[in-house]
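In what follows, a single structure is set out as structure tokens and then discussed.
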Amino acid sequence: MNIYLIGFMGSGKSTVGRKLATELNWNFIDLDNIVEEQEGLPIPVIFKSHGESYFREAESRALKSVSNRSGLVVACGGGTPCSTENMAEIKESGIVVYLNMTVKALVSRLEKSKTIRPLLASKGKEDLETTVEKLFKERTPWYEQADIIAESLNADIEKIAMQLAARIKESEN
Ligand code: S3P
């Protein structure tokens, strides 16, 4: 069994995931890194050279390679769970945790983030807000299929990771 963290770009999946893995003494994996390793290219280059649908196929392949394994805390990409096939793959191989954050909090975190995200690249503040809002609405029905919804309204990521770890340890006993 694995634990999958899903949620919008900038919602803290990797930070919570790392902390959660430490708490549980499991291994942490960032799915974006697996895609980059498998393709031998950084994500922005994959998008630029091959387009989004190629990236999605690579992402699904990376997910399959991870879902065959066990005892992993996996930080998914923001779009990973947003297809029937990927969501089924995730649900069949683990517990799914959605890190829910308001659009306002997401935009403020994304503005400060140094990660290049092709879907949001080169957008001014207003544009960024509009894009995040639109994508967030489209994706929420997927994210809400998670087994656990963690409200990270105040972005108190440490606390969320600890609470999740306690909850998962409890369910193991
Ligand atoms: C994406 C999110 C990114 C990365 C890619 C596409 C998305 O991951 O997979 O840029 O579609 O939401 P993060 O959620 O880790 O930023």
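Hey, can you tell me all the residues within the range 81-96 that are closer than 14 Å to ILE3 by Cβ and among the polar types (S, T, N, Q)?
SER93
Condition first: within 9 Å of the ligand (Cβ to nearest atom) and in a strand (DSSP E or B). Now tell me which residues in the range 70-122 satisfy that.
ALA75
Starting from residues that are outside any helix (DSSP H, G or I) and in contact (Cβ under 8 Å) with a residue 24 or more places away in the chain, keep the ones in the range 27-41 and report whichever is nearest to the ligand (Cβ to nearest atom).
Within the range 27-41, the subset outside any helix (DSSP H, G or I) is 27-30, 40-41.
Subset that is in contact (Cβ under 8 Å) with a residue 24 or more places away in the chain: 27-30.
On the way: ASN27: 18, PHE28: 13, ILE29: 12, ASP30: 7 Å.
Ranking the qualifying residues of the range 27-41, first place goes to ASP30.
Which residue out of ALA150, ALA146 is more than 11 Å from the ligand (Cβ to nearest atom), assigned to a loop (DSSP other than H, G, I, E, B) and buried (at least 20 other Cβ atoms within 10 Å of the Cβ)? Walk me through how you get there before you give the answer.
Working: ALA150 fails: assigned to a loop (DSSP other than H, G, I, E, B).
Answer to the check: ALA146.
Have a look at LEU41, LEU63, LEU24 and point out the one that is under 20 Å from LEU164 (Cβ atoms) and of a type outside the set (S, T, N, Q). It would help to see each step written out before you state the result.
Values: LEU41 fails: under 20 Å from LEU164 (Cβ atoms); LEU63 fails: under 20 Å from LEU164 (Cβ atoms).
After applying the criteria, what remains is LEU24.
Of the conditions (1) modelled with pLDDT under 95; (2) farther than 19 Å from LYS137 by Cβ, MET101 clears all except one; give me its number.
(2)
One residue is enough: does the range 45-65 have a residue meeting the conditions buried (at least 16 other Cβ atoms within 10 Å of the Cβ) and part of a loop (DSSP other than H, G, I, E, B)?
no
Quick one: would you say ARG18 is of a type in the set (Lys, Arg) and closer than 27 Å to ILE157 by Cβ?
Details: of a type in the set (Lys, Arg): yes; closer than 27 Å to ILE157 by Cβ: yes.
It is true that ARG18 is of a type in the set (Lys, Arg) and closer than 27 Å to ILE157 by Cβ.
Is it the case that GLY7 is at pLDDT 95 or above, among the small types (Gly, Ala, Ser), surrounded by 21 or more Cβ atoms within 10 Å (Cβ to Cβ) and within 13 Å of the chain's Cα centre (by Cα)?
Values: at pLDDT 95 or above: yes; among the small types (Gly, Ala, Ser): yes; surrounded by 21 or more Cβ atoms within 10 Å (Cβ to Cβ): yes; within 13 Å of the chain's Cα centre (by Cα): yes.
Taking the combined requirement at face value, the residue satisfies it.
The values are calculated or read from the model by the stated rules, or taken from the named source; none is laboratory data. Owing to the predicted nature of the structure, the values given are computational and were not obtained by experimental measurement. All Cβ positions, glycine included, derive from the backbone under ideal geometry; neighbour counts span all protein chains shown.
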